[in-house]
Every structure is written in structure tokens, then in C-alpha cells.
Amino acid sequence: MKTLHRLLYPPAWSIAAKLSAALFAVAIIPMSFTACYNLRQSLESLKAGEYRKLELLATSTASRLDQLIIDTQRLIIQVSSDRNVVDFLTATKTLEREAFRSDLQRHLENVFQSNPDFDAVFLIDAEGKCIASTDSKFVGQNYAFREYFRKSIQGKAHVSSLLVGQTTKRPGLFLSHPVRSDKGKIVGVSVLKIKGEDIWRIVNALQVDFHSYAFLIDQQGIVISHPNESLLYHKLVPLPVMVGAKEAGHISYRFQGEQMYRIVGFAPLEVQPWVLGVSKPNAEFAAPFVRLVWQHGSSVIVVSGITAVVALLLARSISRPIRKLTAAAQALEEDNFNPETLTDVSRTQDDVGQLVRVFQHMAVEVKAREQKLKQQVINLKIEIDETKRVTEVAEITENEHFRQLQQKIQKLKQQTLSTEQTETEYFERLHTKVQSLKERTLSK
């Protein structure tokens with residue numbers, strides 16, 4: 001219990017423990033605050049960097065899709081203004097139109113072959129009927145109900161969402177443009193279909209790591225590209241922030257059926273109201289933060305260990321002379337002091353060494369004074385005993401009965417010896433009377 005009390009009660013600690021704790025606290029506490037502040041700033045910077053990385057990846061892929069659509073728009077404009085296309089759609093008679101079909105078909109095939117991403121190129125007349133195509137399945141089909149036809153027949157270029165073709169049952173992106181006669185009249189619509197698989201390929205090619213992926217949503221929040229095909233053409237409920245986004249950003253989300261939360265960086269396309277997202281598991285997103293925390297924590301632990309060792313060695317170097325001084329003081333108190341025990345610690349030139357040397361000199365002086373004091377005590381005791389003896393004699397001799405005794409002795413000495421007594425008898429009788437007087441005096 002006493003040992004536990006000493007451990008838990010700092011004032012009872014040894015000097016070495018107190019110095020070690022003080023030096024350790026002075027070194028570690030400021031460093032810990034600094035490390036926490038730097039770690040917090042580093043984590044914020046790293047987090048912003050990771051978000052920015054996802055946003056840049058999304059932006060780069062969105063730009064690639066934008067470029068594909070822009071290039072295709074330019075191409076469909078060229079197709080709409082081509083002489084063969086205009087002449088073919090302007091011709092009103094079947095024979096006249098058939099005369100242009102060969103050159104027209106060759107031109108459409110050249111356009112189709114110019115990019116492997118193209119699924120088909122076809123022409124629609126003013127009634128919505130396909131009259132020429134690189135894929136014969138389109139010819140004769142009526143597309144008047146399609147939005148791309150309705151928009152373009154009114155004189156507007158149009159880019160559809162990712163649609164599943166009614167004719168081929170293949171997904172694709174339809175770009176349309178009106179075809180005008182030399183007089184400016186809209187005589188039909190030219191359409192170029194981009195393969196949906198190639199759109200998916202471009203999106204899915206963006207993979208940061210094993211568990212990350214990219215996906216694409218349209219202006220209604222419908223997923224039009226996703227590695228998990230079961231999610232295609234489903235509404236993206238968890239990410240309303242992405243729908244119709246005008247600038248790059250990031251958000252945390254979790255799809256239905258997925259257990260882990262994910263971080264997504266997104267960026268909108270410029271030519272389409274679509275938004276491309278790059279999704280990454282929250283665990284992998286946080287992995288750099290964990291490494292950073294471990295690095296900072298390891299550095300603090302290492303520095304703390306070094307500081308603790310240095311503090312302990314320094315505290316022991318300071319407390320060692322103090323302990324020897326304490327032992328020397330106890331030995332001096334017990335009259336068992338040996339100056340040689342302090343020789344090694346008295347050689348240093350610091351304050352502690354000076355203190356030890358002063359203590360050694362003081363101990364010698366105290367020893368000498370103690371010896372001198374002992375001799376003085378002995379002499380004083382002798383003087384006291386002599387004074388006491390004289391005082392006792394004076395008390396006896398100055399007593400009234402003693403003086404009367406002396407007077408009687410003198411009278412007895414003056415009496416003449418009786419003839420009948422010998423000198424010996426006389427002195428014996430005198431001695432008896434003296435003894436009797438002494439006893440009476442002492443009894444009083």
C-alpha cells in the first residue's frame with residue numbers, strides 16, 4: 001500500500017522520477033500539440049487532395065466524352081450538308097432518288113467506317129421514315145416518335161440520352177441534325193448513332209484501383225453507364241446532388257444492396273446534361289489518412305521514447321550527486337562520515353560539484369567543531385564537579401553546628417589531661433564525641 005501510494009502521489013516520488021517526468025512533459029506536451037495541429041492540417045490537405053483527385057479523374061473522363069460528342073456533332077453537320085445527302089433527300093421522284101443512292105451509300109459507309117464507335121448512320125425523310133442507312137435494319141422504319149427526329153425536323157441539332165434502339169435492341173447515343181435544301185427548307189434529318197457499349201467502355205476504363213469504378217447519369221438521375229449492369233436505367237436515388245450538377249464536386253453515398261459507404265467525385269459534361277462520377281470505397285479513400293496518422297503517431301512514439309531515455313539519464317545524472325549528498329549527511333549525523341565517498345562527484349565543475357565541495361568542507365569543519373565541543377564539554381564537566389565539591393564543603397564548613405563542633409573541639413584540646421587517663425584514652429573519647437556531633441549535624 002505504501003509503495004502504491006508513492007507511485008500515485010507525485011510529491012512522494014524520488015528526485016529522479018520528478019525530474020524525468022518534468023523533462024518528459026516539457027518536451028512531449030508542446031510536441032504533441034504541434035504534432036496534432038500538423039496532423040490535422042495534413043489530414044485536411046490530404047482529404048482535399050483526394051477529393052480533388054477524384055474530381056479531376058471525373059473531369060478528364062467527362063471531357064473525353066464531351067470530345068467524342070463534339071466530334072460526332074461536327075461530323076453529323078458535315079453529313080447533313082453533304083451534296084449527296086441534300087440531293088438524295090431533295091429528290092421527289094423515286095427514279096431520281098435511286099440515281100443518287102449509290103453515291104449516298106458510299107458516303108454514309110465512309111462516315112461509318114471513320115470511327116469504330118459508330119453503330120449506324122442513316123437518313124430520315126420529312127415524314128419520319130428511314131430511307132437510307134448503313135444498317136439495312138433501319139430502312140423502312142418510322143422514327144417520327146423519336147425526340148431526336150422531332151427536334152431536328154424543327155431545325156435544331158439534338159443529342160439524345162443513351163437509348164436502347166427499337167430496331168436493333170442495342171443501346172446507343174443518337175445525334176441528329178436537320179438537312180436543308182438549297183432553298184433552306186428542311187427536307188429530312190441525318191442521324192448518327194454511337195454504340196452504347198463504347199460509351200460504357202470509355203466510362204468503365206476509368207478505374208483508380210480494384211474496388212473503384214466510374215458511372216454516368218443523365219439529367220433525370222437515371223444511371224446510363226455502370227459496371228454493374230443490374231443498376232443500368234435505374235434512378236440514382238442516393239445522389240440527388242449529382243443530378244443536374246453544374247460544376248465538379250464530391251459526396252458520400254451508398255447504393256442499395258451495397259454494404260460499404262463510398263466517396264464519389266463527379267463532374268458534369270459540357271455538351272450534355274450528364275454527370276460522370278468516380279466512386280471509391282470509403283475504406284480505401286481513408287487509407288492514406290490512416291497511413292498518415294500512423295506515420296505521425298510513430299514519429300511521436302519514437303521521439304517520446306528518445307526523450308524519455310534522455311530525460312531519465314539527465315535526471316539520474318542530477319539526482320546521483322544529491323543521493324550521495326543525502327547518504328553523506330546521514331553518515332555525518334551518525335558520526336560515520338567519510339569524505340572519500342564524495343570524491344568522484346566533487347570533481348565536476350558545475351553547480352552540483354561546487355555544492356558537493358562546499359558540503360565536504362562544511363563536514364570537515366563540523367567534525368572539527370564537534371571534537372572541540374566534546375573537549376569543552378569534558379573540561380566543563382570537570383569544572384562543574386570541582387565547583388560542586390567546593391560548594392558541598394562550603395555548605396558543611398559554614399554550617400552553625402559545624403562551627404559549634406569546632407569550638408567544642410578547641411575547648412577539649414585546651415583541657416588538661418586527667419591524670420587518671422592516658423593520652424590514648426583521651427583521644428578515643430574525643431573521637432567519640434566528634435563522631436556523635438557529626439551524626440547529629442548530618443541528621444539535622
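The values are calculated or read from the model by the stated rules, or taken from the named source; none is laboratory data. Quantities reported herein were computed from a predicted structural model and do not represent experimental measurements. All Cβ positions, glycine included, derive from the backbone under ideal geometry; neighbour counts span all protein chains shown.
For segment 141-171, a residue qualifies if it is farther than 17 Å from Val187 by Cα and among the small types (Gly, Ala, Ser), and the qualifying residues are Ser160, Ser161, Gly165. Restricting attention to segment 74-91 and to residues that are in a helix (DSSP H, G or I) and in contact with a helix residue (DSSP H, G or I) (Cβ under 7 Å, 6 or more places away or on another chain), the residue that is farthest from Val121 (Cα to Cα) turns out to be Asp87.
Restricting the first member to segment 22-35 and to residues that are of a type in the set (Phe, Trp, Tyr), and the second to residues that are in a helix (DSSP H, G or I) and surrounded by 15 or more Cβ atoms within 10 Å (Cβ to Cβ), the beta-carbon pairs closer than 8 Å and six or more apart or on different chains are Phe24/Ser304; Phe24/Thr307; Phe24/Ala308; Phe24/Ala311. How about segment 116-160: which of its residues are more than 60 Å from the chain's Cα centre (by Cα) and of a type in the set (Phe, Trp, Tyr)? The answer is Phe122, Phe138, Tyr143, Phe145.
The residues in segment 31-73 that are in contact with a helix residue (DSSP H, G or I) (Cβ under 9 Å, 6 or more places away or on another chain) and of a type in the set (A, V, I, L, M) can be counted, and the count is 8. The single condition among (1) modelled with pLDDT of 75 or more; (2) over 42 Å from the mean Cα position of the chain (by Cα); (3) not charged (D, E, K, R) that Gln349 does not meet is (1). The set of residues in segment 44-73 being touching a Pro at 6+ places or on another chain (Cβ under 9 Å), at pLDDT below 90 and either aliphatic (A, V, I, L, M) or not in a helix (DSSP H, G or I) (or both) consists of Leu46 alone.
Checking each residue in segment 211-262 for being among the charged types (D, E, K, R), modelled with pLDDT of 85 or more and within 15 Å of Leu162 (Cβ to Cβ) picks out only Asp218.
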